[in-house]
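S.K.: I'd like to ask some things about the structure below.
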Amino acid sequence: MVSTLAQEQSGAEQEQPRQYATHDVTNQPPPLPPYDASEDTALLEGLRREGADWAEEGIRRLGLRAGSAEAQEWAEQANRYEPELRTHDRYGNRVDEVEFHPSWHHLMRVAVAEGLAAAPWADRRPGAHVARTAGGMVWGHTEAGHGCPTSMTYAAVPVLRRQPELAKVYEPLLTSREYEPGLRVPTDKRGLLAGMGMTEKQGGSDVRTNTTTATPTAEPGVYTLRGHKWFTSAPMCDVFLVLAQAPGGLSCFLVPRVLPDGSRNTFRIQRLKDKLGNRSNASSEPEFDGTVAWLVGPEGRGVKTIIEMVNCTRLDCVMMSATLMRKTLVEAGHHARHRSAFGARLLDQPLMRNVLADLALESEAATTLTLRLAGAADRAVRGEPGEVAFRRIATAVGKYWVTKRGPAFTAEALECLGGNGYVEESGMPRHYREAPLLSIWEGSGNVNALDVLRALSREPETADALFAELALAQGADDRLDAAVTRLKGLLTGGSEAGARRLVELMALTLQASLLVRHAPAPVADAFCATRLGGDWGHAFGTLPDAADVDAILGRALPGER
């Protein structure tokens, strides 16, 4: 009897659809990967224009790898499984090691092998530094945290060259394309990573207030350090450039984690920072106590010695922010292509198209400026005086403005996904948390704005170089010409309180001049109208009706995914 009733119920269920089956998935975009992260017209044009066309094939290959499902999963895992500090081994010995998820090492291995660390310093081809920057903008579609140790390694080489006997030992290993993690005698490894320890808790960017002391030993050029650093990222690196107070004043030192005899140098990691973003990358507070260090550059000239490292890492801040813009624009465009609302694809709706086109303008301007800065760095390294001066001021200007625009840009791109963008699985929250770091790292907005004022007052050739660059677009657009005139007026009557206003106008005129010279007319015209002509609102997505939105989007988001 029971069996017969059960059979009847089963038959009835088969005849009628289940009323509770509500989980059919419709109107959701497919996964973005696999995609080509190098499919970026502005980037590839800049690569060729700045003298690194020879690298295009490798950049395209790297773009396919960056957009692969495997690499995107590495990025997600490296941030989900955060680095862990292990201060002691099982026997109670101090080890001060940081353990990373395997995905971090996969990302690092590719980055180093592709020359995204210090390899350009060993590459004599013109455009080598441009190629590295473009590669970073493509591989950066994975995640940003592992860009910190590669950036510092890149920036350490020109500083070490101030001390040729140290450079002779360490430069070949820093420029290697071999990634070899683990703490061992540096000269026994096939490749090294470098970090830096500048700031301390009482001063931050005001490094002249540092209290870490450096005491000379009987061996010439060798000191012992004692003190506590406040923000030292990537503590698993092999060597560090550190600022400390020597008898002759603030000086720069090289600190290896492992000494030549195989013993551990004193580098006590007190804790890892619990940061807003950049979670895959360990940032630490190391304590020095009898720590052995080698002097780099003259005593008392520590800031002047290490400033070249800061110039390099500031370029990378611009690069990483531009990369984050491009990555989130690609994500937003993909969603808009495949999501419908109110009877039409989001991408076909005028207001969404306006938002995406406005984001595309910002992204192209950031990308174009980044590659121009990389070209200036490449040519400055090769001794072109005008490019040395231009690089000096334009990198600080770009660092201030592009990184300042990053958080607002990322928030708007996230909003394009609606509630889906606010969910961790989309990846957008990770990008959103990352964005503010880049305006803080290597000097906050105020520090960079004041640095521009310092360059203008102490190195007048920098202003000449900037205006020489702007003059290349003179007469091409009345709004740009008017902005340059305003800029000259601000320079003659500027004050410290007005530094941000000055640097912002510098950045916008520089970006506009580059777009007027190198971008299609619809892009350049819309940028000049909105960023210089005042024909826009305060939010993204307020382009005027005259803007050629179709042309802008067709350039920024080519092809269906």
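The values are calculated or read from the model by the stated rules, or taken from the named source; none is laboratory data. Because the structure is predicted, anything quoted here is derived from the model rather than measured. When we count neighbours, we look across all protein chains shown, and the Cβ atoms used for this are built from the backbone with ideal geometry, even at glycine.
S.K.: Just the residues that are over 37 Å from the mean Cα position of the chain (by Cα) and closer than 13 Å to G290 by Cβ, please, taken from segment 206-220.
M.R.: Hit for segment 206-220 is T217, nothing else.
S.K.: Can I ask one more? Does any residue in segment 378-396 that is part of a helix (DSSP H, G or I) come within less than 9 Å, Cβ to Cβ, of a residue that is surrounded by 24 or more Cβ atoms within 10 Å (Cβ to Cβ) and β-branched (V, I, T) six or more places away or on a different chain, and which pairs are these?
M.R.: That search, which allows pairs on different chains as well, returns D378/V130; D378/T133; I393/V452; T395/V318; A396/V452; A396/V503.
S.K.: State yes or no: is A512 crowded, with 21+ Cβ neighbours inside 10 Å and not in a helix (DSSP H, G or I)? Lay out the reasoning, then the answer.
M.R.: Working: crowded, with 21+ Cβ neighbours inside 10 Å: yes; not in a helix (DSSP H, G or I): no.
Answer is no for this residue.
S.K.: Picking from A75, A118, which residue would you name as being touching a residue at least 12 places away in the same chain (Cβ under 8 Å), surrounded by 23 or more Cβ atoms within 10 Å (Cβ to Cβ) and farther than 24 Å from A156 by Cα?
M.R.: From the options A75, A118, the qualifying one is A75.
S.K.: Same structure, new question: Checking T266 against (1) in a loop (DSSP other than H, G, I, E, B); (2) of a type in the set (V, I, T); (3) surrounded by 24 or more Cβ atoms within 10 Å (Cβ to Cβ): exactly one of these is not met. Which one?
M.R.: Single failed check for T266: (3).
S.K.: Pick from G204, G221: which is assigned by TED's automatic domain parsing to the domain that holds I59, at pLDDT below 95, surrounded by fewer than 24 Cβ atoms within 10 Å (Cβ to Cβ) and at positive phi?
M.R.: G204
S.K.: Hey, another quick one. Specify which of the listed residues (R301, R337, R326) is of a type outside the set (S, T, Y), out of contact with any Phe, Trp or Tyr (no Cβ under 6 Å at 6 or more places or on another chain), surrounded by fewer than 20 Cβ atoms within 10 Å (Cβ to Cβ) and farther than 30 Å from D206 by Cβ.
M.R.: After ruling out the rest, the residue left standing is R337.
S.K.: Just the residues that are in contact with a strand residue (DSSP E or B) (Cβ under 9 Å, 6 or more places away or on another chain) and either surrounded by fewer than 20 Cβ atoms within 10 Å (Cβ to Cβ) or at pLDDT below 95 (or both), please, taken from segment 246-263.
M.R.: P247, L259
S.K.: Would you be able to tell me the number of residues in segment 1-45 that are modelled with pLDDT of 95 or more and part of a helix (DSSP H, G or I)?
M.R.: The number of residues fulfilling the criteria is 5.
Each row is one residue, and each column tells you yes or no for (1) out of contact with any helix residue (DSSP H, G or I) (no Cβ under 7 Å at 6 or more places or on another chain); (2) more than 30 Å from N446 (Cβ to Cβ); (3) surrounded by 24 or more Cβ atoms within 10 Å (Cβ to Cβ); (4) at pLDDT 95 or above.
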| position | (1), (2), (3), (4) |
| --- | --- |
| N354 | no, yes, no, yes |
| E364 | no, no, yes, yes |
| V388 | no, no, no, yes |
| K404 | no, no, no, yes |
| L417 | no, yes, no, yes |
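S.K.: Then there's this: Looking at L183, L173, which is the one that is within 23 Å of G290 (Cα to Cα) and assigned by TED's automatic domain parsing to the domain that holds P120?
M.R.: On the way: L173 fails: within 23 Å of G290 (Cα to Cα).
The match here is L183.
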